[in-house]
Amino acid sequence: MEIEDLLNPDNVLAGFRASSKKQALQALSRHLAEKVGVDCRDAFDGLMERERLGSTGVGHGVAIPHARLKGLDRIVGLFAQLAEPIPFDSVDDQPVDLIFMLLVPEEAGADHLKALAKVSRLLRDDRMCEKLRATHKAPALFAMLSQPASNAA
Amino acid sequence: MIDAINIGILVVSLLIVIAVFTSLFSSRFGAPLLLVFLGVGLLAGEDGLLGIQFDNAATAYFIGSIALALILFDSGFETKLASFKIAATPAITLATAGVLLTTGIMGAAVHYLFDLPWLLALLCGAIVSSTDAAAVFFLLRLGGIHLRDRMQSTIEVESGSNDPMAIFLTVMLVELIAAPAGEAHTAWSFVQILFQQIGFGIALGVGGGLVIVELVNRVKLDAALYPIVLLGSALALFGLVGTLGGSAFLAVYVAGLYAGNVPLRNAGSLRRFQRVTTWLAQIGMFLTLGLLATPSEFGVVLIPALVLTIILIFVARPVAVWSCMWFFDFSRADITFMSWVGLRGAVSILLAIVPLLAGIEGAQMVFNATFIVVMASLAIQGWSIGPVARWLKVTVPPREGPVERIDLPLPVETDQEILVYKVHPQSRVAKGETIPRWAMPSLILRDRQLLQSHMAGNIKAGDHLYVVTAPGRAGLLDQLFAGPAADDHDRDLFGDFILSPEALLADVARLYGFPLKKGDEEMTVAGAIKREHHGLLERADRVAYGPVDLIVRQVDERHRITEVGLSLDADDLSPKPIVKDGLLDRLKANLTARRKQRGSEDK
């Protein structure tokens, strides 16, 4: 599974403004839910339920919120680069300015974990994150995310 | 006569200095330092460059015993009682049953392969049955390898405490072989002697420890004399216990353990002095043993000795460790690693002198073979210890980054201490975190000037802070002034995501798609991890649940889980395999599959 299979250029946002974790999740989940045609309330609830188990802020300013959702037919993702970092209860207590959201069909098996693992591995790369922060155009962000190998070189 | 003495002094001290400087070379190439010391000894010896004739086994044994006594005393002294407690049972099992098993297996190998009589064969086994603490720890430190507390302590306590058993077995077997025909030793008398040795050793060790501590704390002396009192009385204890028929090595270890864990006057400077003497003892012992050996005689026993090394590394040690550790809560990777760190060292060579002293037939051959086994073990296991630790994933990142801290000694005992910190540029305080009131420095040394803290303004990176604090706060202070912990492998080791320990296993199972066992509906993730680990929980303990691993990220001081990590199939994620060899990859895949299998059986 490649990042392109998860991410549509429409779902890459640059310079996104959010005031809080909750507001960011709400706005981003609405954006994604509308694009893929699912109920945005369900998506938001699913994400918040996951956050209650423990924050998906993985450290170094990155968060990967994710949830399972009924009525979805494939795994969909959204990437947002935030204009200002927001508190996210992250593992390292650092505010977050890169968010990769994943919504997964209820019955997705191992694919779901592969997608999460892929995203997690991609955003572990500090140089990758630096580049993502330095870019202010959504198409450029999409190109970086979908072709990490050529960018990392 | 005077000339000879001067030349003697010149040669001996030059050898020591050369040995020390070779450590530079050693750390650059990761070569086991002790191997280098042995090498210097060999080079100086009769077949080497200097051609020094030294074949006095009794002198070598004398020097070696004193050195070993000092090393063992220090090894006990540096062992924290807390780590002794968490590791005592597994470590002592290894140090007793493990040594016996190793002796038995090696003895059988020697008997059947080389057709030596049983007693002599077992003697060979006993000689190589103990591991070398110094070798193991120097290498772990050198490689910057941090092990999980309990395994670190187990290895530490094992290698500190298995020498007495090996020494006992060796001496016993030598006496048996040397005993005039007709003088019967019953099995029972051996058990009696064993218990006498251990009993005297422990009892007199504790007693000696008490006396040593009283001497240091009660008697008012010039500060420079305390280390001498400490070491002198440790050696006196060694001699006394040996004379009384107890295990002298065990006694000094126990005495060190006691003295190192109670408040001791000038503890800081005593520790520094101990480090010096331990190094000197190590160097002296290895040099002496290197000098004693005659490499030109090694040819005859070279192949048999190498065969024995292979058996020792790949059969005897693993079998001994697995059979002893099976009952304790260690993962397969942990046990495999403990099998691998069975480095042999100076103790084995020292023990190989015992049959020489007793004039046993074939003793020279046994000595030469032992020498080769030790060198081969140091080379093979010593060089590979770092890669093996990383490959088995038994390492943990240090809890905090580099910290520069000095304990200032105080002239009288107080219930406070002065710590000096150098503020690391990436420390929390240097980044602007406010210092808690109790951690306020009294003095600040900045640009070669001492400032009172209210004159100094904001604390800057590179400042030296003089902090007066209650004992036991050092760990907290470290976190304020230390650099950030390296976390390159953090997510490999501690997982991709965090979970609250109270999160319900059922919720996690639904989200990540693994089946839940009946009755687990109310189980928390912390409870699920605890169930799989019967001992004390530690950071980086992990349990496989279907495709994910649950990992202990943080524990509090009572080993309760405060943060859980979730890893998404860590094996699939490893960024770069350390070992690329096809066979090893297959082995690893096999191990992983088995770990997974174990995980699923548990459900």
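The values are calculated or read from the model by the stated rules, or taken from the named source; none is laboratory data. For clarity, every value in this text was computed on a predicted model and none was experimentally measured. In this analysis, Cβ positions are derived from the backbone assuming ideal geometry, glycine residues included, and neighbour counts consider all displayed protein chains. Note: areas computed on protein heavy atoms with side chains; ligands, DNA, RNA excluded. Shrake-Rupley method; radii C 1.70, N 1.55, O 1.52, S 1.80 Å.
Could we say that A:V58 is within 11 Å of chain B (Cβ to nearest Cβ), assigned to a helix (DSSP H, G or I) and at pLDDT 85 or above here?
Working: within 11 Å of chain B (Cβ to nearest Cβ): yes; assigned to a helix (DSSP H, G or I): no; at pLDDT 85 or above: yes.
For A:V58, the condition - within 11 Å of chain B (Cβ to nearest Cβ), assigned to a helix (DSSP H, G or I) and at pLDDT 85 or above - is not met.
Name the single residue that is farthest from the other protein chains (Cβ to nearest Cβ) among those in the range B:518-540 being touching a residue at least 40 places away in the same chain (Cβ under 8 Å) and touching a helix residue (DSSP H, G or I) at 6+ places or on another chain (Cβ under 9 Å). Even if it seems obvious, please write down each step before you answer.
The initial filter retains those residues of the range B:518-540 that are touching a residue at least 40 places away in the same chain (Cβ under 8 Å), namely B:532-536, B:538-540.
Then keep just the ones that are touching a helix residue (DSSP H, G or I) at 6+ places or on another chain (Cβ under 9 Å); that gives B:532, B:535-536, B:538-540.
Numbers: B:E532: 19, B:G535: 25, B:L536: 23, B:E538: 19, B:R539: 14, B:A540: 15 Å.
Only one residue fits best here, namely B:G535.
Across the range B:242-274, what is the number of residues that are under 19 Å from B:V347 (Cα atoms), touching a residue at least 24 places away in the same chain (Cβ under 8 Å) and part of a helix (DSSP H, G or I)?
8
Condition first: part of a helix (DSSP H, G or I) and over 29 Å from B:R553 (Cβ atoms). Can you find one or more residues in the range A:64-73 that meet it?
no
Report, by residue number, each residue of the range B:85-135 that is aromatic (F, W, Y) and at pLDDT 90 or above.
B:Y112
Just checking, how many residues over the range A:98-149 are part of a helix (DSSP H, G or I) and either away from every other protein chain (no Cβ under 11 Å) or not β-branched (V, I, T) (or both)?
Matching residues across the range A:98-149 total 32.
Need the failing condition index for A:E49 against (1) within 27 Å of B:K431 (Cβ to Cβ); (2) within 11 Å of another protein chain (Cβ to nearest Cβ), just the number.
(1)
Can you tell me which of B:I349, B:I335 is modelled with pLDDT of 85 or more, under 25 Å from B:K393 (Cβ atoms), open to solvent by less than 10 Å² (accessible area, probe 1.4 Å) and in a helix (DSSP H, G or I)?
Just one listed residue meets the conditions, B:I335.
Identify the single condition in (1) surrounded by fewer than 15 Cβ atoms within 10 Å (Cβ to Cβ); (2) under 23 Å from the mean Cα position of the chain (by Cα) that B:N56 does not satisfy, given that it satisfies every other one.
(2)
What pairs come up if the first residue lies in the range B:53-66 and is in contact (Cβ under 8 Å) with a residue 12 or more places away in the chain and part of a helix (DSSP H, G or I), the second is open to solvent by 70 Å² or more (accessible area, probe 1.4 Å) and not small (G, A, S), and their beta carbons are under 7 Å apart, counting only those six or more places apart or on different chains?
Cβ pairs passing all conditions: B:A57/B:L357; B:A58/B:L357; B:Y61/B:L357.
Hey, any hits in the range A:93-108 for a residue that's loosely packed, with under 14 Cβ neighbours inside 10 Å, under 18 Å from A:L123 (Cα atoms) and either among the hydrophobic types (A, V, I, L, M, F, W, C) or over 11 Å from the mean Cα position of the chain (by Cα) (or both)?
Yes, the range A:93-108 has at least one match.
Within the range A:4-32, can you find the residues that are among the aliphatic types (A, V, I, L, M) and in contact (Cβ under 8 Å) with a residue 12 or more places away in the chain?
Hits for the range A:4-32 are A:L6, A:L7, A:V12, A:L13, A:A14, A:A18, A:A24, A:L25, A:L28, A:L32.
Taking the range B:437-475, which residues are in contact (Cβ under 8 Å) with a residue 12 or more places away in the chain, over 14 Å from B:V420 (Cα atoms) and basic (K, R)?
Matches in the range B:437-475: B:K460 only.
Looking at (1) open to solvent by 30 Å² or more (accessible area, probe 1.4 Å); (2) farther than 30 Å from B:I18 by Cα; (3) at pLDDT below 90, can you tell me which one B:I360 breaks?
Here B:I360 meets the rest and fails (1).
Looking at the range A:83-109, I want the residues that are closer than 16 Å to A:L6 by Cα and have a partner that is open to solvent by less than 30 Å² (accessible area, probe 1.4 Å) and aromatic (F, W, Y) with Cβ atoms under 6 Å, at least 6 apart or on another chain. Which pairs are those?
Matching pairs, first to second residue: A:F100/A:F79.
Before we move on, is B:D74 more than 13 Å from B:L308 (Cβ to Cβ), open to solvent by 10 Å² or more (accessible area, probe 1.4 Å) and in contact with a helix residue (DSSP H, G or I) (Cβ under 7 Å, 6 or more places away or on another chain)?
Criteria met by B:D74.
Over 25 Å from B:L38 (Cα atoms) and open to solvent by less than 70 Å² (accessible area, probe 1.4 Å): is that true of B:R218 in this structure?
So B:R218 fails the test.
I need the full set of residues from the range B:496-512 which are open to solvent by less than 20 Å² (accessible area, probe 1.4 Å), more than 7 Å from chain A (Cβ to nearest Cβ) and not in a helix (DSSP H, G or I), in order please.
Answer for the range B:496-512, where residues must be open to solvent by less than 20 Å² (accessible area, probe 1.4 Å), more than 7 Å from chain A (Cβ to nearest Cβ) and not in a helix (DSSP H, G or I): just B:P501.
Residue check: is B:T154 farther than 26 Å from B:V366 by Cβ, modelled with pLDDT of 90 or more and hydroxyl-bearing (S, T, Y)?
Answer is no for this residue.
For B:L14, only one of the following conditions fails: (1) among the hydrophobic types (A, V, I, L, M, F, W, C); (2) in a helix (DSSP H, G or I); (3) modelled with pLDDT under 80. What is its number?
(3)
So, of the residues in the range A:37-73 that are of a type in the set (A, V, I, L, M, F, W, C) and in contact (Cβ under 8 Å) with a residue 60 or more places away in the chain, which turns out to be most open to solvent (accessible area, probe 1.4 Å)?
My answer is A:V38.
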